[in-house]
Amino acid sequence: MIQIENLCKRYGENTVVDDVSMVIEPRTITTIVGTSGSGKSTLLRMINRLVEPTSGRVLIDGNDTTAEPAHLLRRRIGYAIQGLGLFPHRTVADNIATVPRLLGWDEDRVRERITELLELFQLDPAAYGTKFPHELSGGQQQRVGVARALAAKPNVLLMDEPFGALDPIIRSKAQDDLLGIQRRFGTTIILVTHDIDEAFRLGDRVGVMSRGRLLQHDRPAALITHPADPFVSQLIGSGDKSLKLLSLTKAGEVAAPGKVDGPALPWSVTLREVLAELVWSGAAAATVIGPDGDAIGHVTLTGILARGRQAA
Amino acid sequence: MTREATRVQRIDHLGVLLSLVGALALTLLPLIVFKANRIVPGEPRALLSLLPIAAFVLYFTLAATTAVAVLIQGPRVRLLAALVGMAALVITVAMAADILTPAGNRVVRVAPGAGFWIVLVALGLLATDALTRLRPGPVLRVATLAGFLAVTLAALGSGFFDDLSIMREYAVNATRFAHEAQRHLLLALGSLGAAVIVALPLGVLCHRQPRLRNALLGVLNMVQTIPSIALFGILMAPLAALAIAFPALAALGVSGIGAAPAVIALFLYSLLPIVGNTTVGLGRVSPAAVDAARGMGLTNGQVLRQIELPLALPTILTGIRIVLVQNIGMVTIAALIGGGGLGAFVFQGIGQTAIDLVLLGAIPTVVLAFSASVVLDALTDLTRRVPR
């Protein structure tokens, strides 16, 4: 658990982060969304003390982060940034090995971990381990950047616009990969983004920041149904609230028992996508297929519409 | 380019220019100069009447080289032609010297004339241009240099060129030459070493403190504008005073003239290129890489040693190359204040109006500077693993 208590950062007259408090539950993804200059990156960088707070404190699992030297703290926290910051003069393998070597792991264990991570990120260790970053595509570099951040198995991972430089298709794949990895390792992730759709797609909880203040920190659905501030509703947009809400729920989560006549859709698609499919095909309901390929239930058009209406 | 265009024989502009210069030099200036002794002005001798066959072979070879230089684009052929031309030129002049020197006579001097030097430089330019077009890797470049130096030294050591005036001067000064050459390198490398030790930390400091950078680089820029002779002069008085005030310093070799002011002046001139390039090199390191390094828990020292300096190294080495080449040249002037080095021959030669002695100091200096430049260029390329 990460507790942020009354955190402030001022540069002279300028208050960049203004009295922010929040609690981040373990094994969840928290996204912090805001415009540029909202203080979201500074907030993130105060967690691993790349920026020292003017006042307030951060507790990780109950321990004040100032209790140990900053560089030792940072070795326990994963860190991935936009543009990745891969070391251009080091191979992919050496980039990934950075933190394990700082921690003094023996070389066998380091090598094992490199292989494990490259395989996890679908990069052939034999082919890619010895390459230099400039020999990789943007998507591959991004995967190496996240692999490097995860190398020493940190419990907490901080990410600052990690997908900012990717084109939309690779970006969506990278987001899926991140969700998969978070589920697999139970890492607590705090991710900063300016993209509200990304924030909603990844976040178990979403924090909205503006001018240094944390305006609201809640589940995505609550942000849509009960925005705490005009800026939050403006950021979310008023035109497609219902569709945004539907896109937060997967078909598998709300499927009622029984098969129906109509299109068959996988459990992982969102209600928004089911709605689109039903409108397109003219059917009144769709069968939901589980992860193992069997039908696990159905969703109806009226049921979907009712869920979208809660927003009003 | 269309196929038609490539088929048309293209004329090489550099080749035309070099050929014109070479041809003019050969017709207007002497290849060989004969002197009754080492200080009288020389009189030109016609090669054709001395060595008719050798002269014919030389002119034919140079004509062929010219044809290649003008008409053929392939760099390998051009390089070969330039080297063959050089060999023919050098061998012919050495043969002429042999014929013109009466057996056992140690007073007569036979020197290559202005025509020889100009043609040699033209051929050298043709060769380096061809080498550049071949785009050799760093290792190959150093190997080529080493090969060229080895062949040159072997040729000079063979005795074939012993009748040429410069080799005559060398024979007289052989022991001193080795000593002065060693001293020359010591002065150049010593001041460079001291400058690296001081300038690297200063460069790092300048990178961290922009305000210090402007002040320090301003001062160093001013130092750079002081003419070397003037700087030697400026240093003379305080160093002499120091040596008198502290006999211990005098015992260490500090004095108003000699090596001390030379090394200090070279050291001061060396600071700006190294400090400047270190600052620029560190400034070019990707801020994301530094941020990521700090974010992953590298200490400031580790960030500097493992990330910033390795990435800035090619730029820093470029600064070191500038300094080394500059120092090798400038040590020559240090001879004027008793610093020693190859410049000693230059100034002694000027004093005696013995141009051959001047060349004995000057040519090795040029070769040293050129070699240093090639080696450090190669090192820079080897450390630049990442395309910019």
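The values are calculated or read from the model by the stated rules, or taken from the named source; none is laboratory data. This structure is a prediction, so every number in the text was calculated from the model and none was measured. Methodologically, a virtual Cβ is constructed for each residue, glycine included, from the backbone with ideal geometry; neighbour enumeration extends over all protein chains shown.
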- Message: For segment B:38-63, which positions are farther than 26 Å from B:Gly124 by Cβ, surrounded by fewer than 18 Cβ atoms within 10 Å (Cβ to Cβ) and in contact (Cβ under 8 Å) with a residue 60 or more places away in the chain?
- Response: B:Ile39
- Which numbered condition A:Trp267 fails, given (1) more than 23 Å from A:Ser172 (Cβ to Cβ); (2) surrounded by fewer than 19 Cβ atoms within 10 Å (Cβ to Cβ); (3) at pLDDT below 85; (4) in contact with a strand residue (DSSP E or B) (Cβ under 7 Å, 6 or more places away or on another chain): (1)
- Query: Do we find a residue being in contact with a helix residue (DSSP H, G or I) (Cβ under 8 Å, 6 or more places away or on another chain), more than 14 Å from chain A (Cβ to nearest Cβ) and surrounded by fewer than 16 Cβ atoms within 10 Å (Cβ to Cβ) anywhere in segment B:356-363?
  - Reply: yes
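Rundown of residues vs (1) away from chain B (no Cβ under 14 Å); (2) surrounded by 23 or more Cβ atoms within 10 Å (Cβ to Cβ), yes/no style:
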site	(1), (2)
A:Asn6	yes, no
A:Asn14	yes, no
A:Thr28	yes, no
A:Ile32	yes, yes
A:Pro69	no, no
A:Arg74	no, yes
- Note on the structure: Across segment A:230-265, the tally of residues that are outside any helix (DSSP H, G or I) and within 23 Å of the chain's Cα centre (by Cα) stands at 6
- Message: Quick test of your reading of the structure: A:Thr65 fulfils all but one of (1) touching a strand residue (DSSP E or B) at 6+ places or on another chain (Cβ under 8 Å); (2) more than 14 Å from every other protein chain (Cβ to nearest Cβ); (3) at negative phi. Name the failing condition by number.
- Response: (2)
- Query: Just one of the numbered conditions (1) within 12 Å of chain B (Cβ to nearest Cβ); (2) surrounded by fewer than 20 Cβ atoms within 10 Å (Cβ to Cβ); (3) charged (D, E, K, R) is not true of A:Arg171; which one?
  - Reply: (1)
- Message: Between A:Ile181, A:Ile189, A:Ile114, which is closer than 24 Å to A:Ile32 by Cα and assigned to a helix (DSSP H, G or I)?
- Response: A:Ile181
- Across segment B:146-183, what is the number of residues that are without any contact (Cβ under 8 Å) to a residue 12 or more places away in the chain, surrounded by 14 or more Cβ atoms within 10 Å (Cβ to Cβ) and not in a helix (DSSP H, G or I)? 1
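Would you check if there is a residue in segment B:25-33 being hydroxyl-bearing (Ser, Thr, Tyr), farther than 26 Å from B:Arg168 by Cα and touching a Ser or Thr at 6+ places or on another chain (Cβ under 9 Å)? Give the steps one after another, and end with the answer.
Start the filter on segment B:25-33 by keeping residues that are hydroxyl-bearing (Ser, Thr, Tyr), which leaves B:27.
Of the ones still in play, those that are also farther than 26 Å from B:Arg168 by Cα are B:27.
Filter once more, so that each one left must be touching a Ser or Thr at 6+ places or on another chain (Cβ under 9 Å): none.
No, because not a single residue in segment B:25-33 is hydroxyl-bearing (Ser, Thr, Tyr), farther than 26 Å from B:Arg168 by Cα and touching a Ser or Thr at 6+ places or on another chain (Cβ under 9 Å).
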- Note on segment B:284-298: residues within 19 Å of B:Leu200 (Cβ to Cβ) and either free of Cβ contacts under 8 Å to residues at least 24 places away in the same chain or hydrophobic (A, V, I, L, M, F, W, C) (or both) are B:Val285, B:Val290
- Query: Hey, does segment A:149-162 have a residue that's within 11 Å of chain B (Cβ to nearest Cβ), under 23 Å from the mean Cα position of the chain (by Cα) and part of a helix (DSSP H, G or I)?
  - Reply: yes
- Item | Residues within segment B:294-307 that are among the aliphatic types (A, V, I, L, M) and surrounded by fewer than 23 Cβ atoms within 10 Å (Cβ to Cβ), tallied | 3
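If you check B:Pro314 against the conditions, is it part of a helix (DSSP H, G or I), farther than 17 Å from B:Ile197 by Cβ and within 8 Å of chain A (Cβ to nearest Cβ)? Spell out how you get there, then give the answer.
On the way: part of a helix (DSSP H, G or I): yes; farther than 17 Å from B:Ile197 by Cβ: yes; within 8 Å of chain A (Cβ to nearest Cβ): no.
So B:Pro314 fails the test.
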- What do you reckon, is B:Gly281 within 14 Å of another protein chain (Cβ to nearest Cβ), buried (at least 21 other Cβ atoms within 10 Å of the Cβ), in contact (Cβ under 8 Å) with a residue 12 or more places away in the chain and within 30 Å of A:Gln141 (Cβ to Cβ)? yes
- Of (1) buried (at least 16 other Cβ atoms within 10 Å of the Cβ); (2) more than 24 Å from A:Ile170 (Cα to Cα); (3) within 14 Å of chain B (Cβ to nearest Cβ); (4) not charged (D, E, K, R), A:Leu103 satisfies all except one. Which? (1)
